[in-house]
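**Student:** Handing you a structure now.
The values are calculated or read from the model by the stated rules, or taken from the named source; none is laboratory data. This is a predicted model, so every value here is computed, not measured. Cβ coordinates were reconstructed from backbone atoms using ideal geometry, including for glycine residues, and neighbour counts include every protein chain displayed. Keep in mind that these areas ignore ligands, DNA and RNA; they rest on the heavy atoms of the full protein, side chains included. Shrake-Rupley method; radii C 1.70, N 1.55, O 1.52, S 1.80 Å.
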Amino acid sequence: MKTTTIQRGIAALALAMLVLALAGCSGSPVQDPFWFLHPNGPIARASIFYLIVDVLLLLIVIVPATALVIWTFFRYRKGGKGRYDPTYNHSVIVEVVVWGVPLLLVVVLSYFSYQGARDVAPFNPQALKSAVAKSGNKKPLRIDVISTDWQWLFIYPDEGIAMSNRLVVPTGRKISMNLTSATVTNDFYVLKLVNQIYMMPGMRTKQHFFVERTGTYQGFSTEFSGPGFSWMNYKVLAVTPGKFEDWVQRARQSGNQMNWQDFEKFAQPTINTGDRWSLYSQVQPNLFSKLIHEVKAGDMNIVWPARLSENMTTHEFDRKFGTGSANSDKNGTTADHPSQSNSD
Amino acid sequence: MFMNLQGPWDPLFGRLPMLLDLQYNNPWIMFAFALVVLGGGTVVAALTYYKLWGWLWRDWLTTVDHKKIGIMYIIIGLVMLFRGFFEAAMIRTHQAMAVGPDSPGILGAAHGYLTPFHISEIFTVHGTLMILLAVTPILVGFMNLIVPLQIGARDMAYPFLNAVGLWLTAMAAGLCMVSLFVGSFSHAGWVGLTPLTELDHSPGVGVDYWIWILQISSIASTVGAVNLIATMLKMRAPGMSLMRMPIFSWTAMGTNIIALTSFPLLTVAIALLTLDRYVGTHFFTADGGGNFMMYTNLFWLWGHPEVYFVVLPAFGFISEIIPTFSEKPLFNHTSMIFATMMIAGVSWLVWLHHFFIMGSGPQVNTFFSIATMLVGIPTGVKVFNWAFTMFRGRVRLETPMLWALGSVLLLIGGGMTGMMLAIPAINYVSHNSVFVVAHFHNMFLIIAFAIFGAVTYWWPKAFGFYLDEKLGKIFFWLFWGGSVFVFVPMYALGFLGMTRRLDYIAHPSWWPLLMLEVVGIALYAASVAAFVLQVYVSIRDREKNRVRTSDAWETSRSLEWATHCPPPFYNFGATPIVHSNDEWAWRREHRLTTLKPENYSDTHMPKNTAVPIVLGFFVGLFSIAAVWRVWWVMGLCVIGMIATLIFRAFQKDVDYVIPADEMEAMEREKLDQIDHRAQDSAQQTGEMGEPEIDGHAHG
Ligand code: HEM
Ligand SMILES: [Cu+2]
C-alpha cells in the first residue's frame, strides 16, 4: 500500500512537469520575447552556453545521486529483497568517490566559470570580440542610461539626442553603455539581449552588447526600487544601421530639450508611463556626469512622502505622482515609429 | 528630534500622532486584526477560565529548563510560520490576479487587490519573519530541546542566558505582530535594499520596525549561540569525546559557530543603518560620502552564513532520522562531521554571489563563484552518505522518514539550481528573477521538510505520545504537492524572465503558470489544515498513543532516547556514561537498556527566574518606543534594563540541589510507570515488547 502511494505521487509529479512544460512553451518560444533561453546577441548567447555546459556537467553527479537514493530506498525496504547488514557503515572507497568526483567536477566547473565570467564581463566582455571584428570594427555607439523613480532616460552623447522610456539601437554595431541612477539602485536588463548590471546612484557602471537581428525586445529593471518598480517596462527596438540614422535625424527635429532643470522635473516620482516615450533633440552635454556629482553632493532632493500604506490607494498615487501619464511631451509620443518592419 | 522627519513629532508621543492620519479601512488589515484578536482572546480567556495563569507563570514564563524553552521557541516559530503562510497566499493570489493591463483591481488597487506599498510590505515581512522569526526559532528550539539530551547533560551551560534569548526572540515576534496594525512595515525587501531603506526613500516607520526586529533577534541568536557552544564543549557526558558527539549536535555546533561569528556583523550593519536613520549619519547613503554597497556586503557577510545557519540543523535532523528508520548507523560518520564543518567554514567565503552583477571584474566574481561551488561538495557528500545509510538497511517508511526522504530529494534539486546560480555568466541572466526565489524556497523547503520530520520524530520524546501517522502522511503528501505546484512553475517563470517582487504582471502569457502556483497554495492550505488536525487528534487520543519505553521508535540510536518520554526536568536520573558513537544503539546491543542507574547522586539545578521575561519586556517596550521615536520611554527602558541586570547580579540564590534520595524516589515512580505500561502491552500482544537488536539479521 505504501509503495502505491509513492508511485502515485511520482506519477502525479511527472504529469505536473509535463503540463508545466507545455504551459511554459505555449506558442513558439523564439517569438516569445520572454524566454531567456533564446538569446539574440553574443553576450546573452554566451550565458546560455555556460548554462547548458553547467547543467550537463552537474548531471554527472545529480543523476547518480538521485538514482542511488531512489534505488536504495526501494531495494532496502523492510521486508524487501535487500540483504540487511548493519555493520556496513564505513567504506574508504565510497568516501574517496563521493568526495573526489564532486571535487573534480568543481575543478572543471571552475574553469568554465572563469571563462564565462570573462566572456560576459560587463565592463569588457570577450564574447563580443569576434562579432565586433566581423562587423568591421565600427566605432561603438555610446549610450548613457539613467534610471529615475520610475522612468528611463537613454542619452546618445555623440548624437546629442535622448529618448525616454524606449531604447533604439542599430544592429551590427557594438554598443557601450554607462549606467547610473538618480535615486535608488535599479538593475538594467534586456531579456535575450543584454545581461544584468546594477545601476547605482552616485556611481557609474558599464555594460556592452551587440545586436545581431532586428527586432523588438523587452527591457526592465530587476532590482526592486519602490512602488513604481513593476511598471518600469520599456521596449528596445533594434533596427538596421540605415534606419537608425534616419531615426537619429528625426529625433534631432523633435524640438524637445533635456537640460538639467528639465531632468530634475523628469526625475520626480512617476509611475507607469504606459509605453509612452519622448524624444529629445537637445541634451545638456554633461548631464550624466552632472547627475553623478549632484547625487554624491546630496543635491538630488527626491524625497518620498511618508505614508502608511494601508490607505495608500492608487487614487492617492494619481494625485501625488500622476499615475499613468509620464510627464512626457505629447509631441514626443507622436514621433515616428523608428521602424515598422523589424520583426524577424 | 535629530532628523528632519516628515509628519508630526512631539516630545511626549514621538511620531505616534501619525497614526491619527491612518484609516483602518483596509479589509485585509481588519481581517488579520480580527484573527489575531480572536486567537489571542481565546487563549487569554481559556487561561483565565481554567485558572492557568499561575501555572503558566511558574512553569513556563519564568522557566530556565532548556526543554521548555525549546518548546516555547518552536511554538513561536510555528505561529509565525502560520502567519507567513498567509502572506505567501496573498502574494500568490494577488499576482495571479494582477496580470495584464486589463486585469481588474479592487480595494483601491489598480490591479489585483493590493496596492503597491501594501504588497511590498507583505513580501518584506514574509521574508523577514519566515527566516528570522519562523525557521530560526524552530531550529534554535530543537537545538535547545535535543542537544543537552543528546550529550547527556542535566542542563545547559547558561540557562539564564538561554531564557533571555527566548524572550528577546518573543519580543521580536511581538514587534512583528504589532507592526501589522500599528503603522506600517518596511517595503524594501527582507534584505533591506539600501539606499531604499534610508530616510529619504522610506520616511515612514516601516523600516524602523524591520530594523528593530532584526536587531533584537540578532542579539538573541548571538547569546543563544554562546550558550549552546559552551554547553557542547563543557557539558558532554563522561565518555563522549567530541567525535562521539551525535551528528545532530555536531550540526548544532557548526550552526552556532556560524551564528556566533556572523550575527554580530548583522548587529553592526543594522546599527549603522539605525544611526543613518535616527541621527543623520551617512554610512549607507548615496550622498555625503556614504557607501551603500558596504551595507550590501555587510548584510550578505551575515546573510549567506545565515542560510547555512538554517540548513545545517536540518541536515542534522535528516542525519538522525535516516539511520533510525534504516536500522543502521549513519554511513561514514566522521566524513559527515567533516562535511558539516566544511560547509560552516566555506559559508564565510561566498557572500559576493548575491551581487555578482554589481560590476566587479571577472577575477573577483570567479573567486566567489568557485568558493560557492565548493559548498556543493560536502552537500553532495551528505546526500551520498544518506543513500549509503539506507544501503543494506531495513528501511521503514514511518512519517519522519517520509519527510527526511522528501528533504533529500529536494536537496538534489536545490543544490543543482544553486550550482547554476553560482556561475557568474548564468547569474547575469537569472539574478533577481523568480528563478532565484524558487532556488532559495527549494532550499528552505528542505528545512521545512526536515523540521516537520523532526517534529514527528521527537514529539514522542518531548510529550510521551505519538503524532497520528495517518494524518501525518496526508499532511506530507499535501505539503509535497503544494511544493511541486508552487515551485516548479516558479522555476519555469524564472526562465521566462519574470522578475521577483512584482506588484503587477505586465505579460499575460505568464498567467497559466501563475494559476498553477495558486493551485499549489491551495494544496498548502489543505496541508496546514491537515497538520492542525493531526496535532489535535493526537492530543485527543494521547492515551491510546502513549510511548511504552524510552525509545519511541525502537531503533533510535542516540542518547536522548536513554531517558523517559517526556524527560524529567533533570533530564537523566544519573549522568550517563558513554561508550560509543551511537550510545543508545550500543546499549541496546549489549542489553543495557534499563533506565535504572547503579546509584543516584545529588544534582545541581538552576532556579526559575522572572528576570529574563522582565528584561524582555523592557526590550520590547524600548523597541516600540524606538520605532515611534519616543525618546523618554526609550531612556526609561534602558534604565529598566540596567536595573534588572544589576538586580540579577546581586541575586545569590539562583540554584538548588536535588538530594540523591529525592531523585531516587522521583525516578522510581517513573520506572514503575514504565513497567506497568510494558506489562499492559505484554498482556495485549502476548509478548514483552522487547525492542529488536541491531545486527540480528532476519534474512
Ligand atoms: C543551504 C541552503 C541554502 C539556502 C537556505 C539558500 C538561500 C538562498 C537565498 C535566501 C538566496 C537569495 C536571497 C535574495 O537574493 O534575497 C540565495 C541565493 C543564492 N544561492 Fe542559495 N541557498 C542555499 C544553498 C545554496 C547552495 C548550495 C548554493 C550553491 C552551491 C547556493 C547558491 C546561491 C547563489 C549563487 C545565489 C545568488 C543568486 C542571485 O541572487 O542571483 N545556495 N540562496
Ligand atoms: Cu548565498
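**Student:** With a 1.4 Å probe, what is the total accessible area buried between chains A and B, in Å² rounded to the nearest 100?
**Tutor:** Counting protein atoms only, the buried area is about 10100 Å².
**Student:** Could you please put B:D541, A:D246, B:D503 in sequence from largest to smallest accessible area, using a 1.4 Å probe?
**Tutor:** A:D246, B:D541, B:D503
**Student:** Going by a 1.4 Å probe on protein heavy atoms, which residues of the range A:200-243 end up with at least 50 Å² less accessible surface in the whole assembly than in their chain alone?
**Tutor:** Those are A:F224, A:S230, A:W231, which lose 50 Å² or more relative to the chain on its own.
**Student:** So what is the relative contact order of chain B, in percent, for Cα pairs below 8 Å that sit 6 or more residues apart?
**Tutor:** Once normalised by length, the contact order is 16 percent.
**Student:** What accessible area per residue, rounded to a whole number of Å², is obtained for the range B:56-204 using a probe radius of 1.4 Å?
**Tutor:** About 23 Å² of surface per residue is accessible.
**Student:** Please express the Cα-Cα pair-distance distribution P(r) of the protein assembly as shown as a list of whole percents, one per 20 Å bin, running from 0 to the bin with the greatest distance.
**Tutor:** 12, 42, 33, 11, 1, 0
**Student:** Right, next: Per residue, how much accessible area does the range A:137-318 show when a 1.4 Å probe rolls over the protein heavy atoms, in square angstrom?
**Tutor:** 29
**Student:** Whole number please: convex hull volume per residue, Cα atoms of the range A:137-318, in Å³.
**Tutor:** 112
**Student:** Can I ask one more? Taking the Cβ of A:W152 as the center, what net charge do the other residues with Cβ under 13 Å away carry, scoring Lys and Arg +1 and Asp and Glu -1?
**Tutor:** -1
**Student:** Roughly speaking, what is the stretch gain from B:R668 to B:V654, that is 0.36 nm per residue apart minus the C-alpha to C-alpha distance, in nm to one decimal?
**Tutor:** So the chain would gain 2.3 nm between B:R668 and B:V654.
**Student:** Give the longest segment of chain B that steers clear of GluC sites (Glu not before Pro) in DSSP loops with at most 14 neighbouring Cβ atoms within 10 Å, not counting the sites themselves.
**Tutor:** The reported range is B:1-542.
**Student:** Do any residues of the range A:78-101 show a loss of at least 50 square angstrom of accessible area between the isolated chain and the full protein assembly, using a 1.4 Å probe, and if so which?
**Tutor:** A:K78, A:Y84, A:P86, A:Y88, A:N89, A:V94, A:V98, A:W99
**Student:** Pop a pseudo-label 7 angstrom from the Cα along the beta-carbon direction at both A:I70 and B:N291 and give the gap in nm to one decimal.
**Tutor:** Each label point lies 7 Å from its Cα, and together they span 5.0 nm.
**Student:** Per residue in the range B:379-397, which ones lose no less than 40 Å² of accessible surface when going from chain alone to all protein chains (1.4 Å probe)?
**Tutor:** B:V381, B:F384, B:A387, B:F388, B:M390, B:F391, B:R392, B:R394, B:V395, B:L397
**Student:** Could you check the spin-label model distance between A:V97 and B:I639? Points 7 Å from the Cα along Cα→Cβ, value in nm.
**Tutor:** 7.1
**Student:** Decide, for chain B, between rounded, prolate and oblate: order the square roots of the alpha carbon gyration tensor eigenvalues as a ≥ b ≥ c, take rounded if a/c falls under 1.5, and otherwise choose prolate if a/b is larger than b/c, else oblate.
**Tutor:** The shape class here is prolate.
**Student:** Hey, what number do you get for the protein assembly as shown at 222 nm if only DSSP H runs of n ≥ 4 count, each worth -39500 (n - 2.57), divided across all residues, to the nearest 500?
**Tutor:** -19000 deg cm²/dmol
**Student:** Among B:L516, B:P238, B:G280, whose Cα sits farthest toward the positive end of the charge dipole of chain B (+1 at Cβ of Lys/Arg, -1 at Cβ of Asp/Glu, about the Cα centre)?
**Tutor:** Highest projection toward the positive end goes to B:L516.
**Student:** Hey, another quick one. Can you list the DSSP H helices in chain B whose Cα atoms extend at least 30 Å along the helix axis and whose mean Kyte-Doolittle hydropathy is 0.5 or higher?
**Tutor:** Helices meeting the criterion: B:27-49, B:66-97, B:159-181, B:206-234, B:247-279, B:292-326, B:362-390, B:399-421, B:434-463, B:469-496, B:511-540.
**Student:** Each residue of the range A:56-71 in order: what ³J(HN,Hα) in whole Hz does its phi give by Karplus 6.51 cos²θ - 1.76 cosθ + 1.60, θ = phi - 60°, with x for Gly and Pro?
**Tutor:** Working through the residues one at a time gives 4, 5, 4, 4, 4, 9, 4, 5, x, 5, 4, 4, 4, 4, 5, 5 Hz.
**Student:** A follow-up question, please. As an exercise, use a Förster radius of 25 Å and the Cβ-Cβ distance of A:T216 and A:V55 to find the FRET efficiency, rounded to the nearest 0.05.
**Tutor:** The computed FRET efficiency comes out at 0.30.
**Student:** Can you tell me the dipole magnitude for the range B:397-544 around its Cα centre, using point charges on the Cβ only (Lys, Arg +1; Asp, Glu -1), in Debye to the nearest 20?
**Tutor:** With Lys and Arg at +1 and Asp and Glu at -1, about 120 debye.
**Student:** Ok, one more. Roughly to the nearest percent, how much of the accessible area of the protein assembly as shown is carbon and sulfur, given a 1.4 Å probe?
**Tutor:** Whole-percent figure for carbon plus sulfur exposure: 65.
**Student:** Say the cut-off is 28 Å between C-alpha atoms; which of B:K67/B:K234; B:K473/B:K596; B:K328/B:K670; A:K81/B:K596; A:K192/B:K382 go over it?
**Tutor:** Those over the limit are B:K473/B:K596; B:K328/B:K670; A:K81/B:K596; A:K192/B:K382.
**Student:** For the pair A:H90 and B:K234, how long in nm is the line joining their label points, each one 7 Å along Cα→Cβ?
**Tutor:** The two pseudo-label positions are separated by 3.2 nm.
**Student:** Kindly identify the range A:94-164 as rounded, prolate or oblate by the Cα gyration tensor criterion: order the square roots of the eigenvalues as a ≥ b ≥ c, call it rounded if a/c is under 1.5, otherwise compare a/b with b/c, prolate if a/b is larger, else oblate.
**Tutor:** It comes out oblate by the Cα gyration axes.
**Student:** Could I ask something else about it? Compute the FRET efficiency between A:K134 and B:W348 as 1/(1 + (r/R0)^6), taking r as their Cβ-Cβ distance and R0 = 41 Å, and round to the nearest 0.05.
**Tutor:** Once rounded, the FRET efficiency stands at 0.40.
**Student:** How large is the accessible surface per residue of the range B:409-510, computed with a 1.4 Å probe and reported in Å² as a whole number?
**Tutor:** Counting only protein heavy atoms, the per-residue value for the range B:409-510 is 21 Å².
**Student:** Pick out, from B:F185, B:G39, B:H579, the residue whose Cα sits farthest towards the positive end of the charge dipole of chain B, with +1 on the Cβ of Lys and Arg and -1 on the Cβ of Asp and Glu.
**Tutor:** B:H579
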